[in-house]
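As structure tokens, the structure follows; a few thoughts come after it.
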Amino acid sequence: MEIKRSGMISIVGRPNVGKSTLTNALVGEKIAIVTNKPQTTRNRICAVVDRKDCQFVFMDTPGLHKARTKLGDYMVKVVKDSVADVDAVCLIVEPIPHVGGPEEELIGRIKSLGVPSVLIINKIDTVEKEELLAVMQAYAQVHDFNAILPISARTGEGVEEVLDVLSQFLPEGPRLFPEGMVTDQPERQVCAEIIREKLLLCLDKEIPHGTAVELVRFAERERDGVIEIDATIYCEKESHKGIIIGKGGAMLKKISTQARQDIERFMGAKVYLRTWVKVKENWRDNMNLIHDFGFKDE
């Protein structure tokens with residue numbers, strides 16, 4: 001069907017409220033990494049959804065948090081900038097009848113810009129339905145949202161209604177991205193993020209937050225179509241390197257195997273993945289290294 005309306009919509013909220021889970025649910029496939037740890041998403045990720053005569057371009061953003069490093073400053077800037085120059089904003093919150101500091105800050109930004117806004121109460125599968133009324137009332141007292149939608153991004157409940165409601169905010173215009181395109185992230189960037197997701201899932205405490213992944217080789221073999229990937233995992237301390245590698249290389253093998261399986265699903269091809277671990281001390285406070293690892297200001 002011909003696209004008649006298209007627009008940009010930001011998905012914002014504090015860390016770990018389900019922004020990336022919702023993004024993946026809207027697209028129908030995994031383009032943003034998901035873990036139960038906060039600050040999983042570092043960059044803005046565009047997800048493209050074609051539905052009927054509409055094209056939605058969703059911007060999944062890092063969680064708004066108190067920055068402790070220059071990388072954290074960068075992530076907070078991404079969140080605040082993402083509210084400007086969009087056609088609508090989705091504020092995602094958990095089903096708690098209290099408006100916290102990060103939510104108040106984002107609502108203040110929404111008010112100052114006068115942008116249409118939808119409150120999405122996620123994780124409704126974790127509470128009784130009658131508990132949601134208090135959550136709705138708490139937020140309705142702070143801001144007059146265009147709509148309030150209870151959903152579960154994990155189970156898919158209410159996700160279609162999100163598209164129905166947001167379609168009214170899309171201006172008339174042609175598609176912004178080509179047909180069949182689901183993200184603006186290059187394939188190699190998505191693959192690097194999948195490796196970082198496995199670091200977050202397999203490692204404890206602060207170690208995974210001090211990691212970055214750089215793909216130094218990404219090529220398809222002509223003879224059999226296998227994609228060869230060489231990836232370097234950077235961490236901040238020599239002791240962290242040992243933990244990532246593990247006894248006899250067991251942890252690195254586990255991380256690499258899980259990453260390869262997900263990358264094969266994403267690429268639709270066999271993958272040969274090789275990984276190395278290197279130390280870059282305090283890279284999260286070095287803007288040159290932050291830019292080198294793909295975190296740009298655009």
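The values are calculated or read from the model by the stated rules, or taken from the named source; none is laboratory data. Everything numeric in this text was worked out from a predicted model, so none of it was measured. Neighbour counts run over all protein chains shown; Cβ positions are idealised from the backbone, glycine included. Please note that ligands, DNA and RNA were not included when accessible areas were found on the heavy atoms of the full protein model with its side chains. Shrake-Rupley method; radii C 1.70, N 1.55, O 1.52, S 1.80 Å.
Only a single criterion out of (1) in a loop (DSSP other than H, G, I, E, B); (2) at pLDDT below 85 is not satisfied by V79, namely (1).
N36 satisfies every condition listed in (1) at pLDDT 85 or above; (2) within 22 Å of P150 (Cα to Cα) except (1). Screening E193 against (1) out of contact with any helix residue (DSSP H, G or I) (no Cβ under 8 Å at 6 or more places or on another chain); (2) open to solvent by 80 Å² or more (accessible area, probe 1.4 Å); (3) of a type in the set (D, E); (4) closer than 19 Å to G18 by Cα leaves a single unmet condition, (2).
Filtering segment 211-224 for residues that are under 19 Å from the mean Cα position of the chain (by Cα), at pLDDT below 90, under 30 Å from V277 (Cβ atoms) and not in a strand (DSSP E or B) leaves a non-empty set.
Applying the set (1) open to solvent by 60 Å² or more (accessible area, probe 1.4 Å); (2) without any contact (Cβ under 8 Å) to a residue 24 or more places away in the chain; (3) at negative phi to T257 leaves exactly one unmet item: (1). Residues considered: E157, E128. Of these, the only one that is within 20 Å of the chain's Cα centre (by Cα) and among the acidic types (D, E) is E157.
A single entry from L166, L201 fulfils the requirement of being of a type outside the set (F, W, Y) and more than 27 Å from S117 (Cα to Cα): L201.
Condition check for G158 on (1) surrounded by fewer than 16 Cβ atoms within 10 Å (Cβ to Cβ); (2) in contact with a Pro (Cβ under 7 Å, 6 or more places away or on another chain); (3) of a type in the set (G, A, S): one failure, at (1). Taking each residue of segment 96-119 that is closer than 23 Å to P150 by Cβ and looking for partners that are open to solvent by 10 Å² or more (accessible area, probe 1.4 Å) and of a type in the set (S, T, N, Q) with beta-carbon atoms closer than 7 Å, six or more apart or interchain, yields P116/N146; S117/N146; V118/N146. Taken over segment 116-148, residues that are surrounded by 14 or more Cβ atoms within 10 Å (Cβ to Cβ), over 19 Å from V89 (Cβ atoms) and among the β-branched types (V, I, T) amount to 2.
Return yes when D125 is assigned to a loop (DSSP other than H, G, I, E, B) and of a type outside the set (A, V, I, L, M, F, W, C) and no when it is not. Spelling it out, it is not the case that D125 is assigned to a loop (DSSP other than H, G, I, E, B) and of a type outside the set (A, V, I, L, M, F, W, C).
Among the residues making up segment 247-261, those that are touching a Cys at 6+ places or on another chain (Cβ under 9 Å) and either of a type outside the set (S, T, N, Q) or farther than 27 Å from K30 by Cβ (or both) are M251, K254, I255, A259. In the set T183, T155, only one residue is in contact with a Cys (Cβ under 9 Å, 6 or more places away or on another chain) and under 28 Å from F266 (Cβ atoms); that residue is T183.
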